[in-house]
Amino acid sequence: MGHNSVQIDPVDASFGATVSGVQVRSLDEPTWQVLHRAWLEYGLLIFPGQYLSRDEQNDFARRFGELEFAAAPISNIGRSGTIHSDPADDVVKAIRGNEGWHHDSTYMPLQAKGAVFTAETVPSNGAPTGFADMRAAYEALDPATQHHLGHLLAYHSLFYSQARAGYMPSKTNDRGGYDAYGYHDGEPSLRPLVKIHPETGRPNLCIGRHAYGIIGMDPIESEALLDRLVQQACQAPRIHYHRWTEGDAIVWDNRRLLHCATEFDLTEPRRMWHTRIAGERASELAVNYA
Ligand SMILES: [Fe+2]
C-alpha cells in the first residue's frame with residue numbers, strides 16, 4: 001500500500017480523522033509525508049486494526065520526534081494478572097485522575113508533543129478516550145477575551161491536579177516523594193494560556209486540569225476562570241470521543257488537543273499502551289525553565 005491508497009475521513013468534529021488504507025508498521029516516505037501533514041491539519045489520527053507490537057508503536061512515534069518515554073502500559077491489570085479495582089488503590093487513583101481534561105506533561109519542564117496510544121485489551125463499554133480542540137476553542141472566543149487571555153500565564157502541576165481531584169498516591173518513596181511519573185519535584189512549570197503552535201503558527205488554549213495559579217490573579221478567581229474555560233471549550237463541535245476496539249492505534253497532537261479518559265467497569269481488564277513524544281525545547285519548554 002502506497003500513499004495513493006491512503007484514505008482520510010474526517011470525524012464529525014472541528015478536528016480528527018480516521019485513516020484507512022495504510023499499514024502503520026511499514027510506511028514508505030510518501031505515505032509518511034501524507035500522514036504528517038494530516039496530523040498537523042486534524043490533530044488526531046485514528047488507525048483501526050493495526051495491532052502494533054511495542055517496537056512498531058515506538059518506531060511510529062519516533063517519526064514524529066524523540067520519545068519522552070517508550071510504550072508504557074496504561075492498565076488496571078497488575079503484574080500477577082490481578083485486576084486493580086479498589087478506589088483506594090494507587091493504580092486506580094492514577095486511572096481516575098486521567099478522567100479530567102488535560103494536555104500530557106504540561107506539569108514537566110517540557111510539554112509533550114504528542115502520543116501514540118494503542119488498545120490491546122478493551123472493556124465492554126469501549127472505555128472511550130475524549131479529545132478536545134483547543135484551537136477551535138480559542139477561535140470561538142471573542143477578541144477581547146482572546147486579548148485578555150493572551151497575557152496570562154498559569155502554573156501546571158500533577159501535585160495540584162491529583163490533590164484537587166482527591167487522587168494523590170498513598171505510597172511514598174523513602175524521600176517522602178512519589179515514584180509515579182509526573183510528580184516533578186522542581187519548580188512548577190509556568191506556561192502561557194494561549195500557545196502558538198510551533199508548526200502551524202495557529203494560536204490555541206493551553207489549559208486543563210494541571211493548570212492553576214494564574215500569575216497576578218487571586219487563586220480562587222484563577223481556578224474559577226480555568227474551570228470555566230475548560231467547560232466552555234470542551235463542547236461540540238470541538239470534542240470527539242473515540243470508543244476503542246482492540247488493535248486500534250491513534251496519534252494526537254498534544255500541543256493543540258486536550259484529552260481525557262472516561263469511566264469503565266474497573267473489574268473488567270483494560271490494557272492500553274502509551275508512547276509519549278517529547279516536545280521540542282524551542283516551543284514546549286515552560287517559560288520559567290527556558
Ligand atoms: Fe493523558
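No value in this document is a laboratory result; all are computed from the given coordinates. Note that the structure is a prediction, hence the values are computed from the model and not measured. Cβ coordinates were reconstructed from backbone atoms using ideal geometry, including for glycine residues, and neighbour counts include every protein chain displayed.
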- Item | Size of electric dipole in the chain: Cβ of Lys, Arg +1 and of Asp, Glu -1, about Cα centre, debye, nearest 20 | 220
- Förster radius 51 Å - calculated FRET efficiency between VAL11 and ARG164 (Cβ-Cβ, nearest 0.05): 0.95
- Give me D for the chain in µm² s⁻¹, whole number, from Stokes-Einstein with Rh from the Kirkwood sum over alpha-carbon pairs, 25 °C and 0.890 mPa s. 126
- Restricting the count to DSSP beta bridges whose residues both fall in region 3-284, what percent are antiparallel, rounded to a multiple of 5? 95
- Note on the structure: Among ALA163, ALA136, ALA17, the residue with the largest mean-square fluctuation in a Gaussian network model of the chain built from Cα contacts under 10 Å is ALA163
- Query: Could you give the distance between the Cα centres of region 37-76 and region 113-161, to the whole Å?
  - Reply: 18
- Peptides ranked, highest mean first, by Cβ atoms within 10 Å: ranges 227-233, 113-119: 113-119, 227-233
- Sequence order, region 46-62: Karplus ³J(HN,Hα) from phi using 6.51 cos²θ - 1.76 cosθ + 1.60, θ = phi - 60°, Hz rounded, Gly and Pro as x, gives 10, 10, x, x, 8, 6, 6, 6, 4, 5, 5, 4, 5, 4, 5, 4, 5
- Message: Residue by residue through region 125-131, what is 3J(HN,Hα) from phi via Karplus (6.51 cos²θ - 1.76 cosθ + 1.60, θ = phi - 60°)? Round to whole Hz and write x for glycine and proline.
- Response: 8, x, 5, x, 9, x, 10
- When the Karplus curve 6.51 cos²θ - 1.76 cosθ + 1.60 is applied with θ = phi - 60°, which whole-Hz ³J(HN,Hα) does each residue of region 235-241 get, with x for Gly and Pro? 10, 4, x, 9, 10, 9, 9
- Message: Can you classify region 111-260 as rounded, prolate or oblate using the Cα gyration tensor, where a ≥ b ≥ c are the square roots of its eigenvalues, rounded means a/c under 1.5, and otherwise it's prolate if a/b beats b/c and oblate if not?
- Response: oblate
- Message: Full-extension gain between ILE77 and TYR289, please, as 0.36 nm times their residue separation minus the C-alpha to C-alpha distance.
- Response: 72.7 nm
- Task: Output the relative contact order of region 3-284, whole-number percent, from Cα pairs under 8 angstrom with separation of 6+ residues.
- Result: 37
- Lys/Arg +1, Asp/Glu -1 at C-beta; the chain dipole; positive extreme among ALA70, ALA127, HIS147: HIS147
- Note on the structure: The simple spin-label model distance between GLU268 and GLU29, using points 7 Å out along Cα→Cβ, in nm, is 4.5
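So between ASN125 and ASP218, what do we pick up on full extension, going 0.36 nm a residue minus the alpha carbon distance? Intermediate results must be reported in sequence, preceding the final value.
Details: separation 93, 0.36 × 93 = 33.48 nm, distance 4.10 nm.
Length gained between ASN125 and ASP218: 29.4 nm.
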